[in-house]
Amino acid sequence: MVDIFKIAIVFVVILVFLRLKWDIGYVLVIASCMLFLLYLVPAPKIVTTIKTTITDAVTIKLFFALTLIRMFEIILREKQVLARMTDASRHLLKEKRAVIVSMPMLIGLLPSLGGAYFSAPMVDETTKDLNMPPEEKGFINYWFRHPWELILPLYPGVLLASALTGIELRGFILANMPYALLIVLTGFLFSMRNIKGRFAKTEMAVPLAKENGHDNYSGQRNSSDLMSFFPLAAVLLLVIVFHIELHYSLGLTVFSIVLFYRLRVAEVIKVIRYGFALNVIVMIFGVMLFKFAMEGSGAVTQLNRYFSESGIPVISVLFVLPFITGLLTGLTVGFVGSTFPLLISLAGVHLNQMLFAFAAGYIGVLLSPVHLCLVLTREYFRADMWGIYKKTLPSCGILFVAAVIEYLLLG
């Protein structure tokens, strides 16, 4: 019981600091220090744990993967690749519902804080003549940008989950695919049910990017817009089809697009500086240090003994810990980094259990009132929060049922 109390203190501190908007990396470093103090870990063992954290192969792979993701992202933004993807979508999709959801789905392809605020005016524009309430617009803008975080290796949550569990990233992505599809299906189930047919005109207003005072976003219907999908498709193809590790896939793709766009030396330096961000380095170090601190402090051994003696079902722990953490923080990285080291130690690494825990945490993130995407969407549309929740709650309920079914089938 004493160990439950100690771990509870650590998790309360984690949740409080995350609610205060501290970076997850710094929070987990603090949590690791608390574990060392609470379990009176001797100084030599602390030093060994820190060395192990820095030199661990997973730490190194995560560092390169997340750094290259940032480089990949800034190049696509600077070269207006996302804008051309959006334009291609508008010209190819003529059915009303497909055009409406294409904006949040396309912008959601790149992990970006505030991305929901970028797609909101596009959703508003495409629905302005459809007599749609702000709550439904808000739900569309919020919900349809979120299937990617479950399956896209550009998002750090699924990448961290794969790294911590040792489950192959490709396997994690494929197993999460039903949840991503369900998000899309439930989105159509609980919104736009009375909207049918095609838009008479698909040339809608899209923000034009400016560079050096001139438009560099053509808006023309040509095959070059379709080619804008190639960098992202290349990464997915290398990871999922050819089983090449993400950091190698990203490295090859980033190098290729640097050559393709003939970036100047100054531009390359800017990309590299953006990639090597301090908060990313600290996040990786914090997550891995917390993992090794949980193991090295003896907390895991004691908790294993407590749960086995008390007879608490593992499935309840697999759901409650990540769900509550996701709900209170609104961060996928938050619940993965803080709960997965403990869950792995308690339950071992089994695909069905880790997928269930990830789904539980993600449901918490989707329902979180502090989730930035939800906050920004509600603010833009001036929507009633409960009106958005009336569609989000049943959708999350369906995701939960699917998670239980997959847990039983894979088990």
Next on the checklist: Please verify whether Phe335 is out of contact with any Ser or Thr (no Cβ under 8 Å at 6 or more places or on another chain), in a helix (DSSP H, G or I) and open to solvent by less than 60 Å² (accessible area, probe 1.4 Å), treating the condition exactly as stated.
Outcome noted: no
Checklist entry - Just a yes or no: is a residue in region 135-158 of a type in the set (Val, Ile, Thr), in contact (Cβ under 8 Å) with a residue 40 or more places away in the chain and buried (at least 21 other Cβ atoms within 10 Å of the Cβ)? => result yes
Checklist entry - For region 104-115, which residues satisfy the criterion of being crowded, with 20+ Cβ neighbours inside 10 Å and farther than 23 Å from Met177 by Cβ? => result none
Checklist entry - Quick one: is Leu343 within 22 Å of Leu169 (Cβ to Cβ), open to solvent by less than 20 Å² (accessible area, probe 1.4 Å), out of contact with any strand residue (DSSP E or B) (no Cβ under 6 Å at 6 or more places or on another chain) and at pLDDT 95 or above? => result no
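Every residue, every condition in (1) modelled with pLDDT under 85; (2) touching a Lys or Arg at 6+ places or on another chain (Cβ under 9 Å), yes or no:
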site	(1), (2)
Lys94	yes, yes
Arg97	no, yes
Val101	no, no
Pro111	yes, no
Ser119	yes, yes
Met122	yes, no
Glu125	yes, no
Leu130	yes, yes
Glu136	no, yes
Next on the checklist: Please go through region 23-52 and give me each residue that is outside any helix (DSSP H, G or I) and open to solvent by 50 Å² or more (accessible area, probe 1.4 Å), ordered by number.
Outcome noted: Asp23, Leu40, Pro42
Item to check | Any hit, region 194-214, residues being modelled with pLDDT under 60, within 28 Å of the chain's Cα centre (by Cα) and within 18 Å of Ile75 (Cβ to Cβ) | outcome: yes
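Could you tell me whether region 22-41 includes any residue that is small (Gly, Ala, Ser) and in contact with a Leu (Cβ under 6 Å, 6 or more places away or on another chain)?
Looking through region 22-41, at least one residue is small (Gly, Ala, Ser) and in contact with a Leu (Cβ under 6 Å, 6 or more places away or on another chain).
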Checklist entry - Among the residues of region 53-66, which ones are surrounded by fewer than 20 Cβ atoms within 10 Å (Cβ to Cβ) and of a type in the set (A, V, I, L, M, F, W, C)? => result Ile54, Ala57, Val58, Ile60, Phe63, Phe64
Item to check | Cβ-Cβ under 8 Å pairs, at least 6 apart or on other chains, region 339-361 side free of Cβ contacts under 8 Å to residues at least 60 places away in the same chain and within 18 Å of Phe400 (Cβ to Cβ), far side of a type in the set (Gly, Ala, Ser) and not in a helix (DSSP H, G or I) | outcome: Asn352/Gly411; Gln353/Gly411
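Grab the helices (runs of 4 or more DSSP H) fully contained in region 228-311, keeping just those with 3 or more residues being farther than 30 Å from Pro341 by Cβ, open to solvent by less than 50 Å² (accessible area, probe 1.4 Å) and not basic (Lys, Arg). I'd like the intermediate steps shown before the answer.
Numbers: elements: 230-236, 246-260, 265-275, 278-296, 299-310.
Hits in region 228-311: 230-236, 246-260, 265-275.
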Item to check | Subset of region 1-31 [modelled with pLDDT of 80 or more and of a type outside the set (A, V, I, L, M, F, W, C)] | outcome: Lys6, Asp23, Gly25, Tyr26
Checklist entry - Within the bounds of region 67-75, is there any residue that is open to solvent by 60 Å² or more (accessible area, probe 1.4 Å) and among the charged types (D, E, K, R)? => result no
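Which is hydrophobic (A, V, I, L, M, F, W, C), farther than 16 Å from Leu159 by Cβ and either touching a Pro at 6+ places or on another chain (Cβ under 9 Å) or at pLDDT 85 or above (or both), of Leu321, Leu250?
From the options Leu321, Leu250, the qualifying one is Leu321.
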Checklist entry - For residues in region 371-411 being aromatic (Phe, Trp, Tyr) and closer than 18 Å to Ile324 by Cβ, which is modelled with the highest pLDDT? => result Phe400
Checklist entry - Say we look at region 346-370 and pick out the residues that are at pLDDT below 85 and within 22 Å of Ile7 (Cβ to Cβ); which of these is most open to solvent (accessible area, probe 1.4 Å)? => result Val349
Item to check | Yes/no for Val10 being touching a helix residue (DSSP H, G or I) at 6+ places or on another chain (Cβ under 9 Å), without any contact (Cβ under 8 Å) to a residue 40 or more places away in the chain and buried (at least 18 other Cβ atoms within 10 Å of the Cβ) | outcome: yes
Item to check | Scan of region 349-386 for residues that are in contact with a helix residue (DSSP H, G or I) (Cβ under 7 Å, 6 or more places away or on another chain), more than 18 Å from Trp148 (Cα to Cα), aliphatic (A, V, I, L, M) and part of a helix (DSSP H, G or I), ordered by number | outcome: Leu351, Met354, Leu376, Met385
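The values are calculated or read from the model by the stated rules, or taken from the named source; none is laboratory data. Quick caveat: nothing in here was measured; it's all calculated off a predicted structure. Neighbour counts are summed over all protein chains in view; Cβ atoms, including those assigned to glycine, are modelled from backbone coordinates with ideal geometry. Protein only, heavy atoms only, side chains kept; ligands, DNA and RNA dropped before computing areas. Shrake-Rupley method; radii C 1.70, N 1.55, O 1.52, S 1.80 Å.
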